[in-house]
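Q: Structure in structure tokens, see below.
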Amino acid sequence: MLKKWLYAAILLVLFAIGLALGAFNDTAVDFDFLFVKAQMPLGMILIIGVFFGFVLGIYMSFLMCFKYWRQSRQAKAQLRKALKENSLSDPSSKSLEK
């Protein structure tokens with residue numbers, strides 16, 4: 001567990017250094033996307049890209065968590081149903097539920 005936290009800390013420091021160096025870059029880029037036309041510093045484009053990537057990653061993580069939560073709820077419901085049917089068909093057996 002400590003190893004994972006150490007890797008995460010190192011990646012976070014490298015990420016912060018990269019953002020800091022990118023923010024000092026004064027190179028301007030012509031940004032022309034659909035109806036938006038602007039001249040923006042390269043560091044700003046880097047920060048916007050990282051922000052949208054982070055938001056997209058969090059969104060996808062929440063979707064996966066919701067998917068697995070829903071699957072576990074369905075499995076628990078099926079287990080309860082099977083145990084209930086089993087206890088109704090054989091009254092002498094003990095239930096495995098809590």
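Q: Looking only at residues in segment 25-34 that are at pLDDT below 80 and hydrophobic (A, V, I, L, M, F, W, C), which one is nearest to Phe15 (Cα to Cα)?
A: Phe31
Q: Please state which one of Gln74, Gln39 is modelled with pLDDT of 80 or more, open to solvent by 60 Å² or more (accessible area, probe 1.4 Å), of a type outside the set (A, V, I, L, M) and in a strand (DSSP E or B).
A: Values: Gln74 fails: in a strand (DSSP E or B).
None of the other options fit; the residue is Gln39.
Q: Please identify the pairs in which a residue from segment 53-68 that is closer than 25 Å to Phe15 by Cα and among the polar types (S, T, N, Q) has its Cβ atom under 9 Å from the Cβ atom of a residue that is modelled with pLDDT of 95 or more and surrounded by 10 or more Cβ atoms within 10 Å (Cβ to Cβ), counting only partners at least 6 apart or on another chain.
A: none
Q: Related question: Please indicate, with yes or no, whether at least one residue in segment 85-94 is touching a residue at least 24 places away in the same chain (Cβ under 8 Å) and surrounded by 10 or more Cβ atoms within 10 Å (Cβ to Cβ).
A: Residues of segment 85-94 touching a residue at least 24 places away in the same chain (Cβ under 8 Å): none.
So far as segment 85-94 goes, no, none of its residues is touching a residue at least 24 places away in the same chain (Cβ under 8 Å) and surrounded by 10 or more Cβ atoms within 10 Å (Cβ to Cβ).
The values are calculated or read from the model by the stated rules, or taken from the named source; none is laboratory data. Given the structure is predicted, the values throughout are model-derived calculations rather than measurements. Counting neighbours? That spans all protein chains shown, and the Cβs are built from the backbone with ideal geometry, glycine included. Note: accessible area is taken over every heavy atom of the protein model, side chains too, but ligands, DNA and RNA are not part of it. Shrake-Rupley method; radii C 1.70, N 1.55, O 1.52, S 1.80 Å.
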